[in-house]
Amino acid sequence: MNKRIHIDFWGDIACPWCFIGKRRLLAATEGRDDVDVTFHAFQLQPQRGPEPESAEVYLAKRFGGAERVKAMHARLQEAARPDGIEFKFEGQQITNTRLAHRIVAIAQKRGQAAAAAEALYRGQFLEGLNVGDLEVALGLLKRHGVPLAVEEVRAALDAGEGNEEVDRDLLLAARHGISGVPFVIANDSVAMEGAQPLEQVREFLKYVEEHPA
């Protein structure tokens with residue numbers, strides 16, 4: 001009898017490679033009933049305020065100009081197409097992702113973390129929306145068919161739900177020395193960093209199976 005594999009996945013909704021990494025991880029585990037995945041929050045810019053900023057403007061300042069950013073985006077688009085992701089970077093907004101992470105934490109308690117994360121990633125990278133806006137984020141859950149009652153999620157947020165989970169995730173990331181995402185830890189023992197190719201993710205899972213903790 002195969003031993004279960006538990007996967008801890010750290011990512012940020014503002015990170016395009018995390019969107020790719022999530023898709024590849026779930027593709028590699030599809031159809032397997034011996035693998036479970038827990039989503040954990042990570043914030044690349046925890047200090048960012050609630051007001052959205054043009055990603056084009058921000059990235060051009062950070063990476064040395066619009067042409068360099070355009071080349072980066074082209075590489076991302078090429079890398080993501082086999083995973084069914086068609087990035088649309090025009091009009092993209094950068095915002096604080098804490099609210100989005102709280103929503104994923106709330107969804108996780110109800111068995112819908114993967115679906116909620118997918119909806120938020122789509123809003124961020126395919127629809128150019130501000131996922132840090134409550135109504136936008138809740139609308140994404142509804143529009144993308146996440147099987148959660150939107151008003152229940154709203155009430156949970158109003159009650160402060162998700163804050164403790166996000167804080168714990170950030171602390172765990174620091175304790176594990178995680179400085180970049182996506183980042184995966186299997187069975188508390190084997191790590192994989194970055195959005196690795198699908199076949200490599202499958203090899204990673206095979207290695208975990210053959211080397212139980």
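The values are calculated or read from the model by the stated rules, or taken from the named source; none is laboratory data. None of the values given here were measured: they were computed from a predicted structure. All Cβ positions, glycine included, derive from the backbone under ideal geometry; neighbour counts span all protein chains shown.
Values for this structure:
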| quantity | calculated |
| --- | --- |
| Residue within the stretch 93-111 that is in contact with a Gly (Cβ under 6 Å, 6 or more places away or on another chain), part of a loop (DSSP other than H, G, I, E, B), under 19 Å from GLY11 (Cα atoms) and at pLDDT 95 or above present | yes |
| Criterion: polar (S, T, N, Q), surrounded by 14 or more Cβ atoms within 10 Å (Cβ to Cβ) and free of Cβ contacts under 8 Å to residues at least 60 places away in the same chain - qualifying residue of GLN108, GLN124, GLN112 | GLN112 |
| Any chance GLU203 is surrounded by 15 or more Cβ atoms within 10 Å (Cβ to Cβ), over 17 Å from the mean Cα position of the chain (by Cα) and acidic (Asp, Glu) | no |
| Selected residue (only one of GLU30, GLU51 is over 18 Å from the mean Cα position of the chain (by Cα) and loosely packed, with under 15 Cβ neighbours inside 10 Å) | GLU51 |
| Unmet criterion (only one of (1) surrounded by 12 or more Cβ atoms within 10 Å (Cβ to Cβ); (2) touching a strand residue (DSSP E or B) at 6+ places or on another chain (Cβ under 8 Å)) for ASP188 | (1) |
| Number of the condition not met by GLU51 [criteria: (1) of a type in the set (Asp, Glu); (2) touching a helix residue (DSSP H, G or I) at 6+ places or on another chain (Cβ under 9 Å); (3) in a loop (DSSP other than H, G, I, E, B)] | (2) |
| Considering residues of the stretch 137-175 that are within 17 Å of ALA115 (Cβ to Cβ) and of a type in the set (Val, Ile, Thr) only, the residue surrounded by the fewest Cβ atoms within 10 Å (Cβ to Cβ) | VAL150 |
| Residues of the stretch 54-71 classified as under 30 Å from ILE185 (Cβ atoms) and touching a helix residue (DSSP H, G or I) at 6+ places or on another chain (Cβ under 7 Å), total | 2 |
